[in-house]
Amino acid sequence: STWGLLIFMEKFTEFDDPKTGINPFLPPKTKSMNIVFAILKFLFSIPLVLFKLIVLLVLYIPFRLLHLVKYLLIWNFFIRVAERAIDKVFCIFFQHIMGNMNYTPVYHHFHPLYSKAHGASNLRIIEGDLVNDGDVVLCSGGSFLDYVYLTEKYSPVFCAIAQGKDKEEDQLMELGWLQVISHSIGLKFPQVEPKGKYKPLERIINDQYVKRPVVIFIEGTKTNGLGVLEPSGSILKQIYELAEKKDLRIHTVSLKYEFSYYSPYNTVDTLGIKHFLGCLSQFYHKLVAVHYYLSLIHISEPTRPRLISYAVFCLKKK
């Protein structure tokens, strides 16, 4: 409703960018449709959504079962190979069913600020992906499709930003598969969690029996792809300190969607169910994923914190 939107805008007006006026939570604009087209679309979307839900359920059951069976392979190398094969095949199907039928990854070896600092006039575009097991991926988040795409690409460990007890410094919380579903569909914000539920980034990386990349949605919630929330300073500090101890490879991934009548971005639906069903009613979304690789080992120490921070702020700037 108009009244609800006004309350929403008032609540989140503090996030307006003073220079551009962009609010990262305001639902993106979509194309308008005439009444006849809207009625036909609604009537046709009902069987379409039901069909997609049935297909997703039929596929998701063997998807989860295969992820349980893979541990019978015992050796972590073979488990990881099986995991990547399962995620690659099933997540491609999931993306097509959900309407994300066209996704274009673009890879750059250096982040723009790195190139500027070292006098490079252009980014060096590379073929293929550079993300290895144990790497950290800082990502912008806006849709449940982000999780499907990143699972297909990396089969990573997903981490949410949580507040420590008594609202101490922000911490990282490793997500299980049920929590991944909840965070991907719903709209979450950093909350106070018991101390046992979070752990430092170094432990998240080192405690893995099967090594995987670690994906952190650095804003702590979903936004509309037009602006970016200030990243958590304590999380960036963890990344910086860990990079000082080891050769930590850091990547930033910007996920942007092109759409017409329905936006894949969820910034207002807390549970996310209505938004999820709305996305299933669409035939087509286009995702453009821009990947940057940033190695702290090749960056002079005084510029490192600034580079990490700027890398994150560049995620959604157009």
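The values are calculated or read from the model by the stated rules, or taken from the named source; none is laboratory data. Please read all numbers here as calculations on a predicted model, not as lab measurements. Glycine also receives a Cβ, built like all others from the backbone with ideal geometry; neighbour counts cover every protein chain displayed. Areas reflect the complete protein model, heavy atoms only, side chains present, ligands, DNA and RNA absent. Shrake-Rupley method; radii C 1.70, N 1.55, O 1.52, S 1.80 Å.
In this structure, does ILE204 turn out to be at pLDDT 90 or above, assigned to a helix (DSSP H, G or I) and within 21 Å of LEU236 (Cα to Cα)? So ILE204 fits the description; yes. The set of residues in the range 236-259 being open to solvent by 10 Å² or more (accessible area, probe 1.4 Å) and among the polar types (S, T, N, Q) consists of GLN238 alone. If you go through the range 139-172 and pick out every residue that is touching a helix residue (DSSP H, G or I) at 6+ places or on another chain (Cβ under 7 Å), farther than 20 Å from ALA289 by Cβ and open to solvent by 10 Å² or more (accessible area, probe 1.4 Å), you end up with 5. Could you check the range 260-289 and list, in sequence order, the residues that are farther than 13 Å from LEU145 by Cα, open to solvent by 30 Å² or more (accessible area, probe 1.4 Å) and touching a Lys or Arg at 6+ places or on another chain (Cβ under 8 Å)? Within the range 260-289, SER260, TYR261 qualify. Exactly one residue among SER254, SER260 is within 17 Å of the chain's Cα centre (by Cα), of a type in the set (S, T, N, Q), at pLDDT 55 or above and not in a helix (DSSP H, G or I), and that residue is SER254. PRO62 - would you say it is modelled with pLDDT of 95 or more and either closer than 22 Å to TYR262 by Cβ or open to solvent by less than 70 Å² (accessible area, probe 1.4 Å) (or both)? Criteria met by PRO62.
Restricting the range 208-231 to residues that are at pLDDT below 80 and in contact with a helix residue (DSSP H, G or I) (Cβ under 9 Å, 6 or more places away or on another chain), the residue that is surrounded by the fewest Cβ atoms within 10 Å (Cβ to Cβ) is GLU230.
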